[in-house]
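So the structure is just underneath, and the comments pick up after that.
The values are calculated or read from the model by the stated rules, or taken from the named source; none is laboratory data. Note that this is a predicted model, so its numbers are computed, not measured. Don't worry about glycine lacking a Cβ; one is built from the backbone with ideal geometry, like all the others, and counts go over all protein chains shown. For accessibility, only protein heavy atoms count, side chains too; no ligands or nucleic acids. Shrake-Rupley method; radii C 1.70, N 1.55, O 1.52, S 1.80 Å.
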Amino acid sequence: MKKQSAKYSKTEPSARRSNKSPTNPNGNPKPEDLLTQSIVNQELLKTQQSFRSSTGPQGQTPSISSKVTQSVTSPVRNSQKRPSQIISKQQLQNMHERSIIKVLGMSMEAVCPKKNHEKNKMLYICQYGDCKADSRLGCSYCLVESHNDHSSQIMEVQTFCKIFDDRKKQFKNMSDTILQVPDKTAQVSQFFEQLRDQILDRLKQIERNILQSIQEQLAWKPLQKEIINRVEILSSKLVFDMTYEELKESLEFIQGKHFKELEYIKQETNNYLSQKISLVEHIWNDYKIQLETDITNQLNDYNKVMFMDPQSKEFAEYKMQFFQQKQLKVNELSQPFQQQLEMFKEEERKAEEKKQEEIRIQQQIEQRKKEEEIKKEKERQKQIQEQIIKQKESQKNSERQSERDKLLKTFPYKLYTEDCSHRTKCNTIPIFQCCNKAYPCSQCHGFVAHPPRIQVPSYRYCMKCLEIYLVMYPTNQAINCLKCQK
């Protein structure tokens with residue numbers, strides 16, 4: 001009884017102190033502190049009842065985790081283990097995850113480690129700035145013993161965790177509003193990817209244009225196709241099935257007539273195509289080297305970027321130096337061609353001067369000759385001009401007539417003295433190889449016996465001089481004998 005009376009005398013003043021309304025040292029209590037204070041008062045009532053029903057520290061009922069707390073002898077919080085008890089699932093749902101202790105994979109609730117506090121739950125935290133207690137965390141007994149003079153500054157651990165989370169969220173939102181360094185990797189990569197696609201498309205277009213230009217430059221229609229087809233037709237026929245003209249042409253083939261024509265075509269074709277192929281190869285090699293050099297130089301010029309104020313003097317100097325270097329490269333590449341052009345211009349100038357000098361000298365010589373001959377020529381021309389003309393005309397006419405008379409004796413074709421109305425007027429008659437006969441035109445030849453054969457080259461004779469010659473024109477094309485046309 002003495003012990004109980006002593007205990008009552010010890011605890012009742014604490015209970016009386018706890019029933020008072022604690023005052024905030026800093027001023028009036030806050031609304032959220034009033035709610036916390038009502039909860040604290042309830043816990044104090046429970047504590048008083050626990051003190052009255054208890055027979056002393058030895059009469060306390062041990063909890064589930066008493067074995068854990070019996071070995072605790074030191075009150076220092078940094079060196080002692082945290083006593084705890086297992087939490088039910090229903091309680092766990094209502095508690096903040098930071099107020100739970102994990103022991104051996106189980107969720108447990110912290111209890112007070114002090115011996116006389118009956119392993120009461122650690123539910124409160126003190127937020128008083130000048131608190132002298134050894135720990136800001138405590139149970140309801142700790143509030144009475146260590147925090148009674150500033151009980152309005154007590155907060156539940158669950159409330160503390162929730163407020164901390166809210167403040168952390170506000171803190172995080174505020175930190176997100178701070179301007180960050182932008183990541184330009186995606187933007188730069190996308191730009192260069194698009195640039196690569198544009199360059200590839202442009203290079204493909206250039207490739208198509210160059211190929212088309214080369215093909216147009218090397219375009220050529222073989223001239224030997226017709227003569228080869230003629231020989232193939234002759235070789236495909238039986239000898240006894242050939243016509244007279246086909247046999248004659250076959251004999252001419254054996255004698256080498258077609259070989260001479262093919263040799264002429266070969267020389268002309270080889271000379272023409274050799275020059276054209278050589279020109280194409282030279283231009284292509286020069287173009288290829290120039291394109292590679294230009295692209296490489298352009299890419300090297302943009303190998304890095306300088307970050308300067310566009311309005312500053314340094315930026316203007318940098319740009320000026322950049323373009324000067326480009327101009328130096330252009331001058332270096334164009335210098336050989338500039339020298340070549342100057343050399344050509346110098347040669348042209350010298351040639352022009354020499355030509356002008358020769359013309360001037362020739363003019364002087366001719367002028368002197370003319371002056372000397374003019375006097376003689378005037379007198380002589382008047383006397384003999386008409387006579388010479390008559391003699392020449394008569395001589396030419398006689399020569400032509402004599403040649404014509406000779407040819408008439410052996411001339412193998414029909415003589416025509418007038419042109420037909422089916423063609424353009426001319427002084428020659430074509431010879432058709434299909435029948436080896438002469439007709440003024442294809443219509444005069446007719447289609448009764450056989451159709452006329454038009455070929456290149458073709459033979460024809462002059463109606464005046466009866467000369468037979470080969471021309472590089474189709475049989476049905478009008479040709480004049482230049483010798484008799486004068």
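Open to solvent by 80 Å² or more (accessible area, probe 1.4 Å) and in a helix (DSSP H, G or I): is that true of Ile233 in this structure? Show your work before the answer.
Values: open to solvent by 80 Å² or more (accessible area, probe 1.4 Å): yes; in a helix (DSSP H, G or I): yes.
Spelling it out, Ile233 is indeed open to solvent by 80 Å² or more (accessible area, probe 1.4 Å) and in a helix (DSSP H, G or I).
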* Of all the residues that make up the stretch 204-230, how many are open to solvent by 70 Å² or more (accessible area, probe 1.4 Å), assigned to a helix (DSSP H, G or I) and among the aliphatic types (A, V, I, L, M)? -> 2
* To do: Hey, can you tell me all the residues within the stretch 249-265 that are farther than 19 Å from Met472 by Cα and open to solvent by less than 70 Å² (accessible area, probe 1.4 Å)?
  => Ser250
* Asked: Do we have Gln170 as at pLDDT 90 or above and farther than 30 Å from Asn271 by Cα here?
  -> yes
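Could you please let me know if Lys132 is on the phi < 0 side of the Ramachandran plot, at pLDDT below 85 and surrounded by fewer than 20 Cβ atoms within 10 Å (Cβ to Cβ)?
Working: on the phi < 0 side of the Ramachandran plot: yes; at pLDDT below 85: no; surrounded by fewer than 20 Cβ atoms within 10 Å (Cβ to Cβ): yes.
In short, no.
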* Examine the stretch 284-295 for a residue that is outside any helix (DSSP H, G or I) and either under 30 Å from Leu470 (Cα atoms) or free of Cβ contacts under 8 Å to residues at least 40 places away in the same chain (or both), and state whether such a residue exists. => no
* Neighbours by Cβ (under 6 Å, 6+ apart or cross-chain): first from the stretch 105-119, closer than 11 Å to Tyr141 by Cα; second in a strand (DSSP E or B) and at pLDDT 85 or above -> Lys119/Val111
* To do: Kindly provide the set of residues from the stretch 443-477 that are more than 60 Å from the chain's Cα centre (by Cα) and among the hydrophobic types (A, V, I, L, M, F, W, C), ordered by number.
  => Cys444, Phe447, Val448, Ala449, Cys462, Met463, Cys465, Leu466, Ile468, Leu470
* To do: Sort out which residues of the stretch 468-477 are without any contact (Cβ under 8 Å) to a residue 40 or more places away in the chain and either open to solvent by less than 60 Å² (accessible area, probe 1.4 Å) or among the charged types (D, E, K, R) (or both), and write them in order of number.
  => Tyr469, Val471, Pro474
* Lys276 being closer than 30 Å to Lys225 by Cβ, open to solvent by 70 Å² or more (accessible area, probe 1.4 Å) and in a helix (DSSP H, G or I) -> no
* Among (1) part of a helix (DSSP H, G or I); (2) surrounded by 13 or more Cβ atoms within 10 Å (Cβ to Cβ), which single condition is Ser189 missing? -> (2)
